[in-house]
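K.L.:
One structure coming up, written as structure tokens, with questions to follow.
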Amino acid sequence: MTQHHSVLVVGGGAGGLSVAARLRNMENPPDVAILEPSEKHYYQPLWTLVGAGVVSKESTARDERDYIPQGATWIKDAVASFDPSKNAVTTKGGETITYDQLVVALGIQLDWGKIKGLEGNLGKDGIVSNYLYETVDSTWKALREFKGGNAVFTFPSTPMKCAGAPQKIMYLADDWLRKTGVRDKSKVIYASAGAAIFGVKKYATALAEVVKRKGIETRFRHDLVEVRAKSREAVFKNLDGGDELVLKYEMLHVVPPQSAPDVIKKSELAADGNWVGVHKHTLQHTRFPNVFSLGDCSSLPTSRTGAAVRKQAPVLVENLMALREGRALTASYDGYASCPLVTGYGKLILAEFDYDGKPCESFPFDQSKERYSMYAMKVYALPEAYWNGMLRGRM
Ligand code: FAD
């Protein structure tokens, strides 16, 4: 079977739904189809707080159906291959869909299999992760059952979504262990493949103080490569060539290696064998002008966050419509991304920055200071803004 749509959006997550909604909100909206297999859409930024027992995991999931914009066609299937020279994609169900313009918003792939010994053990016996809806509850369970020992938090050597998330849950864990009186019987260890606590200096300075105050041990340039579930040991490669590090754990929060979805990697859309290669300001593909991409699967050299997607979507839509109408592509994305760094229950540092790592803060106060108001915004205001504003194409 073959079907044709003016604009085909592949992936109906944060980026795909925002773009589709903006297109369908127009006075003369183009024909839009969304290719997305999942019945549910998740607000992933709240998973940090699910892992710390602040909100339920069910509160982060909604029916995809309710967020398909009016008038858009939902094709409930997964893309199996891209053929941009023929303006076509094929689906797992065996359909071919052709398009005038294509928007690729497939998110990022979690490569759990790259960590030896993890398969079959994730979510059990203290090996936990906030990076999956299915395992996010295991973090909270491990915290509640923690009676002392090492709580180890990892950060991979690959690009990833929300690079702040691996440390946010660590700060919450530290706070929880203090509240429950077991912090003096425990070590909290951040074993990170990165070279520093954060990529933007202003916030890195503030976070280094938080780490110091909380007595957290850091092991930078260490990449988790193996989990020995039976002996409760995590094995780290020293990225500077030193000896491997083996840490005993009672609780191990794993953030997996990540990459572009395989379907992109094996397609002509991949710029460097990985991400969809787009121009960093216009979001237009560098080789196929009728293809655009945003979010975690794109080559945009910024922090992969929903906050970045919020700023990318209007630029993409403006440029896609300009192309359709034969106008010059003038809308430009400056790399804006944001990371609400929860530093404990009721405390948050709100990092906001652009491509140059220059802070671009929204509020008239120093956002590198821990504040309750910013925490409240994350818990109460941002989810509302996501479901009712961003996904509806209104902000
Ligand atoms: P997604 O929203 O992941 O959507 C991708 C879509 O593609 C999904 O619906 C998926 O089902 C679909 N798909 C996959 N494969 C196929 C296929 N073959 N065919 C068709 N469709 C397919 N961001 C923030 O801004 N602030 C935060 O505080 C924050 N915290 C986070 C904490 C955690 C623990 C995690 C995991 C993420 C966090 N993020 C945060 C990141 C944010 O959720 C992502 O950056 C954002 O969702 C990216 O949007 P996207 O559209 O690129 O991908």
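The values are calculated or read from the model by the stated rules, or taken from the named source; none is laboratory data. Owing to the predicted nature of the structure, the values given are computational and were not obtained by experimental measurement. All Cβ positions, even for glycine, are placed from backbone atoms using ideal geometry, and neighbour counts span all protein chains on display. Side chains are part of the model used for accessible areas, which takes the heavy atoms of the whole protein and leaves out ligands, DNA and RNA. Shrake-Rupley method; radii C 1.70, N 1.55, O 1.52, S 1.80 Å.
K.L.:
Which one is nearest to the ligand (Cβ to nearest atom) among residues in the range 23-52 that are in contact with an Asp or Glu (Cβ under 9 Å, 6 or more places away or on another chain) and farther than 20 Å from residue 87 by Cβ?
P.N.:
Ranking the candidates gives 38 first.
K.L.:
Determine, yes or no, whether residue 20 is more than 10 Å from the ligand (Cβ to nearest atom) and part of a strand (DSSP E or B). Break it down stepwise before answering.
P.N.:
Details: more than 10 Å from the ligand (Cβ to nearest atom): yes; part of a strand (DSSP E or B): no.
Against the criterion (more than 10 Å from the ligand (Cβ to nearest atom) and part of a strand (DSSP E or B)), residue 20 does not qualify.
K.L.:
When the residues of the range 292-310 are narrowed to those that are in a loop (DSSP other than H, G, I, E, B) and over 24 Å from residue 324 (Cα atoms), which ends up nearest to the ligand (Cβ to nearest atom)?
P.N.:
Of all residues in the range 292-310, those in a loop (DSSP other than H, G, I, E, B) come to 294, 299-303, 305.
Remaining after also requiring over 24 Å from residue 324 (Cα atoms): 301-303, 305.
Details: 301: 14, 302: 10, 303: 9, 305: 3 Å.
For the range 292-310, the residue satisfying everything is 305.
K.L.:
Checking the condition part of a strand (DSSP E or B), within 23 Å of the chain's Cα centre (by Cα) and not assigned by TED's automatic domain parsing to the domain that holds residue 238, which residue from 152, 103 passes? Even if it seems obvious, please write down each step before you answer.
P.N.:
Details: 152 fails: not assigned by TED's automatic domain parsing to the domain that holds residue 238.
Just a single option satisfies the conditions, and that option is 103.
K.L.:
Quick one: which residue in 390, 374, 321 is modelled with pLDDT of 95 or more, of a type outside the set (Lys, Arg) and in the same structural domain as residue 12 (by TED's automatic domain parsing)? Can you show your working first?
P.N.:
Working: 390 fails: in the same structural domain as residue 12 (by TED's automatic domain parsing); 374 fails: in the same structural domain as residue 12 (by TED's automatic domain parsing).
Exactly one residue qualifies, and that residue is 321.
K.L.:
Same structure again: Give the residue, chosen from 119, 58, that is more than 12 Å from the ligand (Cβ to nearest atom), acidic (Asp, Glu) and in a loop (DSSP other than H, G, I, E, B).
P.N.:
119
K.L.:
Could you check the range 316-346 and list, in sequence order, the residues that are under 21 Å from the mean Cα position of the chain (by Cα) and either assigned to a loop (DSSP other than H, G, I, E, B) or under 16 Å from residue 167 (Cα atoms) (or both)?
P.N.:
Selection gives 333, 334, 335, 336, 338, 339, 340, 341, 342, 343, 344.
K.L.:
Count, please, the residues in the range 129-147 that happen to be more than 12 Å from the ligand (Cβ to nearest atom) and open to solvent by less than 20 Å² (accessible area, probe 1.4 Å).
P.N.:
Residues that pass the stated criteria total 4.
K.L.:
Is it true that some residue in the range 241-263 is within 16 Å of the ligand (Cβ to nearest atom), without any contact (Cβ under 8 Å) to a residue 40 or more places away in the chain and part of a loop (DSSP other than H, G, I, E, B)?
P.N.:
No; the residues of the range 241-263 include none that is within 16 Å of the ligand (Cβ to nearest atom), without any contact (Cβ under 8 Å) to a residue 40 or more places away in the chain and part of a loop (DSSP other than H, G, I, E, B).
K.L.:
Taking the residues in the range 269-301 that are of a type in the set (Phe, Trp, Tyr) and within 14 Å of residue 102 (Cα to Cα) as candidates, determine which candidate is surrounded by the most Cβ atoms within 10 Å (Cβ to Cβ).
P.N.:
Looking only at the range 269-301, we keep the residues that are of a type in the set (Phe, Trp, Tyr), and these are 275, 288, 292.
If we keep only those that are within 14 Å of residue 102 (Cα to Cα) as well, we get 288, 292.
Working: 288: 18, 292: 30.
Ranking the candidates gives 292 first.
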